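Let me begin by presenting the structure, written as structure tokens, before commenting on it.
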Amino acid sequence: MAGGVPTWEEVARDHGRFLYNVAYRLAGNDSDAQDLVQEALLRVRKGLERYQPGSLEGWLARIVTNVFLDEVRRRRRRPADSFPEDPDWVIPPAPAADEVSTGFSDEVQAALAALPEEFRSAVVLCDVADLPYEEIAESLGVPVGTVRSRIHRGRRLLRNALVSTGETA
Amino acid sequence: MNTRPAPDDRLSAYLDGELDAAERDTVDGYLAESSEWRAERDEIEFARDALRGLPVHEARPGFWEDVLSPDVAKARAGRRSRLPRLVAAGTAAVAVAAVVVASLIIPSPDRVTPRIPALSDSHAVRTSVSDEPVSQLAALSMITPFRK
């Protein structure tokens with residue numbers, strides 16, 4: 001690491017696990033998460049010169065979220081590839097045969113994957129990436145009040161989804 | 001009169017430590033007085049804990065080796081950097097093809113050969129059998145050189 005700025009390989013090695021986890025929680029499946037991570041690392045490589053030493057994981061979370069939202073917009077422009085938008089009719093993808101079920105975590109992940117993207121992004125940045133509201137607002141390009149509302153509504157939707165599947169406290 | 005509002009997004013901000021002191025005091029008051037606020041807080045806290053309790057999801061074995069492999073990284077970067085050039089080259093090729101096809105399909109003005117003698121003959125025949133008055137004057141015309 002020269003002058004506090006890591007190389008992209010160091011970022012991948014030291015923070016790849018965090019980056020992949022955020023990507024997976026946003027995308028909801030491994031295939032898309034892999035694409036998100038690879039695209040995010042390309043942006044990291046391009047953007048490292050401008051990186052100001054600080055919260056590296058916050059910066060990574062913002063990059064991967066932007067990659068995710070760019071992909072959502074791209075798929076919306078091409079309806080054949082689009083994500084379902086109405087959370088009421090989203091059927092979360094079934095886990096692959098080689099995935100070991102972890103019970104409650106699977107239910108939570110399925111409920112998270114069914115959230116509309118703007119709520120999911122806010123909730124993931126808050127509860128998975130652990131970013132403060134102000135950084136989330138900056139990442140998503142919306143006011144802090146909007147972030148607060150999206151996080152609250154996202155959590156409420158998630159809670160309702162878990163209640164409907166019988167996973168209540 | 002009850003002025004307490006219905007539970008709102010301040011509860012999430014409260015749980016996340018994102019309220020200022022005055023807002024926090026207000027929410028504390030609502031929570032102390034209202035079972036509705038307490039129930040909402042418990043529900044939101046349940047969802048928040050569920051999300052925060054999710055385990056770290058690991059990439060498939062070998063994924064990071066692939067990502068960090070110099071060959072793979074180089075190929076990926078190369079593929080990306082070539083893409084805009086490929087798009088530009090493709091666009092140019094399509095444009096050239098369109099021009100070629102258009103030139104074959106659309107007749108050029110240079111290639112329209114006016115058949116003046118034939119037109120003149122047919123006109124003469126037509127006027128000879130009609131009483132169209134202006135054409136009848138044609139026989140009276142004569143070619144005169146232009147003089148200054």
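Within the stretch A:125-135, how many residues turn out to be at the interface with chain B (Cβ under 10 Å from one of its Cβ atoms), in a helix (DSSP H, G or I) and open to solvent by 40 Å² or more (accessible area, probe 1.4 Å)? Show your work before the answer.
Of the stretch A:125-135, the ones at the interface with chain B (Cβ under 10 Å from one of its Cβ atoms) are A:126-128, A:130, A:132-134.
When the remaining residues are screened for being in a helix (DSSP H, G or I), the result is A:126-127, A:133-134.
Now restrict to residues that are open to solvent by 40 Å² or more (accessible area, probe 1.4 Å): A:134.
Residues flagged as at the interface with chain B (Cβ under 10 Å from one of its Cβ atoms), in a helix (DSSP H, G or I) and open to solvent by 40 Å² or more (accessible area, probe 1.4 Å) within the stretch A:125-135 amount to 1.
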*Within the stretch A:154-169, considering residues that are surrounded by fewer than 21 Cβ atoms within 10 Å (Cβ to Cβ) and touching a helix residue (DSSP H, G or I) at 6+ places or on another chain (Cβ under 6 Å), the one nearest to the other protein chains (Cβ to nearest Cβ)*: A:Ala169
_Flag if B:Asp42 is more than 14 Å from every other protein chain (Cβ to nearest Cβ), part of a helix (DSSP H, G or I) and of a type in the set (Asp, Glu)_ = no
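Is it true that some residue in the stretch A:107-114 is within 11 Å of chain B (Cβ to nearest Cβ), over 23 Å from A:Leu56 (Cα atoms), among the small types (Gly, Ala, Ser) and open to solvent by 20 Å² or more (accessible area, probe 1.4 Å)? It would help to see each step written out before you state the result.
We begin by selecting, within the stretch A:107-114, every residue within 11 Å of chain B (Cβ to nearest Cβ); these are A:107-109, A:111-112.
Narrowing further to those that are over 23 Å from A:Leu56 (Cα atoms): A:107-109, A:111-112.
Narrowing further to those that are among the small types (Gly, Ala, Ser): A:111.
Of the ones still in play, those that are also open to solvent by 20 Å² or more (accessible area, probe 1.4 Å) are none.
No; the residues of the stretch A:107-114 include none that is within 11 Å of chain B (Cβ to nearest Cβ), over 23 Å from A:Leu56 (Cα atoms), among the small types (Gly, Ala, Ser) and open to solvent by 20 Å² or more (accessible area, probe 1.4 Å).
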*Going through the stretch B:1-26 one residue at a time, which ones are aliphatic (A, V, I, L, M), out of contact with any Phe, Trp or Tyr (no Cβ under 9 Å at 6 or more places or on another chain) and open to solvent by 40 Å² or more (accessible area, probe 1.4 Å)?*
B:Met1, B:Ala21, B:Ala22
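From the set of residues in the stretch B:45-72 that are open to solvent by 80 Å² or more (accessible area, probe 1.4 Å) and in a helix (DSSP H, G or I), which is farthest from the other protein chains (Cβ to nearest Cβ)? Break it down stepwise before answering.
In the first step, residues of the stretch B:45-72 are kept if they are open to solvent by 80 Å² or more (accessible area, probe 1.4 Å); the result is B:49, B:52, B:58, B:60-61, B:65, B:70-71.
When the remaining residues are screened for being in a helix (DSSP H, G or I), the result is B:49, B:52, B:65, B:70-71.
Values: B:Asp49: 8, B:Arg52: 5, B:Glu65: 11, B:Pro70: 9, B:Asp71: 14 Å.
In this case the residue turns out to be B:Asp71.
Can you tell me which residues in the stretch A:17-29 are touching a residue at least 24 places away in the same chain (Cβ under 8 Å) and part of a helix (DSSP H, G or I)? It would help to see each step written out before you state the result.
Applying the first criterion (touching a residue at least 24 places away in the same chain (Cβ under 8 Å)) to the stretch A:17-29 yields A:18-19, A:21-23, A:25-29.
Once the filter is applied, which keeps residues that are touching a residue at least 24 places away in the same chain (Cβ under 8 Å) and part of a helix (DSSP H, G or I), the stretch A:17-29 yields A:Phe18, A:Leu19, A:Asn21, A:Val22, A:Ala23, A:Arg25, A:Leu26, A:Ala27.
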*asked:* Quick check on this structure: which one of A:Leu19, A:Leu42 is touching a Lys or Arg at 6+ places or on another chain (Cβ under 8 Å), at pLDDT 90 or above and within 11 Å of chain B (Cβ to nearest Cβ)?
replied: A:Leu42
*Inside the stretch A:136-152, can you point out the residues that are open to solvent by less than 50 Å² (accessible area, probe 1.4 Å) and in contact (Cβ under 8 Å) with a residue 24 or more places away in the chain?*
A:Ser139, A:Leu140, A:Val147, A:Ile151
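The values are calculated or read from the model by the stated rules, or taken from the named source; none is laboratory data. None of these values were measured; they are calculated from a predicted model. Cβ: placed from backbone, ideal geometry, glycine included. Neighbour counts: every protein chain shown. Heads up: the accessible areas ignore ligands, DNA and RNA and are worked out on the full protein's heavy atoms, side chains in. Shrake-Rupley method; radii C 1.70, N 1.55, O 1.52, S 1.80 Å.
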